[in-house]
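Engineer: Mind looking over this structure? Questions follow.
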Amino acid sequence: MQKRIFYSSVILISFGIMMVYSLSTYTVLIYDARGDHFISKQCISALVAIILMWWVSQINIDRYFKVFKNALAILPFLLILAIPFLPESLATNAGGAQRWIRLFGFSIAPLEFFKIGFIMFLSDNLSRNYQRHASFREELGSLLPILVAMILGFLCVVWSQNDFGQVVVMCGSFCVMLLFAGGSKKLLGSFVALAFFGFAIIIGWATRRVERLKIWWASVQNFVIDKIPFLSYLRVEDMPEPYQIYHAGNAIHHGGWVGNGIGAGVVKLGFLSEVHTDMVLAGVAEEFGFLGIIVVLGLFLFGVIYPILKIANRVQNQMYSLYCIGVACLLSFAFFINALGVTGVIPIKGIAVPFLSYGGSSLVCVGLALGIVLAISKKIAPPTS
């Protein structure tokens, strides 16, 4: 399991470097940057991620798990709160949000590190403090401190980072972890209902989110209303065609089954801005086709996610088991939310595809999270004869 996760991750990271080089062609020309501007930074981040994954896998996780938890939950959260108050020379603004801190020529996203700390915080507290009780009130009471801390953290992320997509990923991860911690269906259902209510408020609070939701709905309403006619009262008119979804769909269509070949895609030539980041799957589909997507998905699921879940199932320590489940959820939700956005099934969210999207912080944090998983795997008791 250890070797499968490590080698599968290295292969996916290497493929991601190749796609970053191919898909950043137009962006390099627009910004008049060096031809190796993006790939050189991605190679450095990849090297750091792989070395970090190997190094962390060698440590005694019993000794350092809570050290990592405190460092990754507290320090990145403080940086998230501080970003709005940093000078422009330190805080990078992109897409109307300040999510990166610029240091020594690199941009660091504290939220990527905080997500790992969040999973470690949940796994520690759910294993120690949460108990399933006979009554719903007692069960909720044991979980209340975790819920309060989590809700406050999410509000701070939305306020400081303007990143609703990552909040959805973390909420989904929490629901799955709560389920495996022994949470009752009633409790889980109550939290899901609360989450949808909170999401509705967050979306309604920002005009741009409402507008984005309307544009997405305009692109799918005909298909949905044809299947469910009584929803016709929700039809909206005179909305612009979703630019990114339209060109991502063209890229997928042009790629066909086997793709146009590495470097031969055209969607990267200004049709999709910075396709090497959040829309990388559209670029993969155009250059490697549907079969290429299937190979990447198979390597991701059976080379990384499935072995992580096997480790979660076999390790005796519940805290470690919940952590592995949380990491599998973070990676899986990010991948599939991005994929559903690219194909137009859901509104597009600015979530990086694990291993593939350009971005040093995301890549390094994936390496760190998997390194901890590999360290945990060494705590699995050997089978008795």
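Engineer: Going through segment 1-51 one residue at a time, which ones are under 30 Å from Pro382 (Cα atoms), crowded, with 19+ Cβ neighbours inside 10 Å and not β-branched (Val, Ile, Thr)?
Structural biologist: The answer is Phe6, Ser8, Ser9, Leu12, Ala49.
Engineer: Next question, about the same structure. So which of Val56, Val48, Val67 ends up being in a helix (DSSP H, G or I), over 20 Å from Phe104 (Cα atoms) and touching a residue at least 60 places away in the same chain (Cβ under 8 Å)?
Structural biologist: It is Val56.
Engineer: Turning to a different aspect of this structure: Output the residues belonging to segment 126-146 that are without any contact (Cβ under 8 Å) to a residue 12 or more places away in the chain and either open to solvent by less than 40 Å² (accessible area, probe 1.4 Å) or of a type in the set (Gly, Ala, Ser) (or both).
Structural biologist: Result: Ala134, Ser135, Gly141.
Engineer: Do we have Tyr323 as part of a helix (DSSP H, G or I) and either among the aromatic types (Phe, Trp, Tyr) or open to solvent by 20 Å² or more (accessible area, probe 1.4 Å) (or both) here?
Structural biologist: Criteria met by Tyr323.
Engineer: Check segment 241-253 and report whether any residue there is more than 27 Å from the chain's Cα centre (by Cα), over 27 Å from Leu291 (Cβ atoms) and without any contact (Cβ under 8 Å) to a residue 60 or more places away in the chain.
Structural biologist: no
Engineer: Does Asn338 qualify as being modelled with pLDDT under 95, closer than 21 Å to Leu368 by Cβ and surrounded by 22 or more Cβ atoms within 10 Å (Cβ to Cβ)?
Structural biologist: yes
Engineer: Then there's this: Can you tell me which of (1) touching a strand residue (DSSP E or B) at 6+ places or on another chain (Cβ under 8 Å); (2) open to solvent by 50 Å² or more (accessible area, probe 1.4 Å) is the one Gln161 doesn't meet?
Structural biologist: (2)
Engineer: Follow-up question, since we're still on this one. Could you say whether any residue in segment 279-287 is outside any helix (DSSP H, G or I) and modelled with pLDDT of 85 or more?
Structural biologist: Scanning segment 279-287, I find at least one residue that is outside any helix (DSSP H, G or I) and modelled with pLDDT of 85 or more, so the answer is yes.
Engineer: So, in segment 354-385, how many residues would count as being among the β-branched types (Val, Ile, Thr) and within 18 Å of Ser107 (Cβ to Cβ)?
Structural biologist: Count: 2.
Engineer: Report yes if some residue within segment 284-302 is without any contact (Cβ under 8 Å) to a residue 24 or more places away in the chain, of a type outside the set (S, T, N, Q) and under 30 Å from Ile30 (Cβ atoms); otherwise report no.
Structural biologist: There is at least one residue in segment 284-302 that is without any contact (Cβ under 8 Å) to a residue 24 or more places away in the chain, of a type outside the set (S, T, N, Q) and under 30 Å from Ile30 (Cβ atoms).
The values are calculated or read from the model by the stated rules, or taken from the named source; none is laboratory data. Just so you know, these numbers come straight off a predicted model, no measurement behind them. Methodologically, a virtual Cβ is constructed for each residue, glycine included, from the backbone with ideal geometry; neighbour enumeration extends over all protein chains shown. With ligands, DNA and RNA removed, areas are computed over all heavy atoms of the protein, side chains included. Shrake-Rupley method; radii C 1.70, N 1.55, O 1.52, S 1.80 Å.
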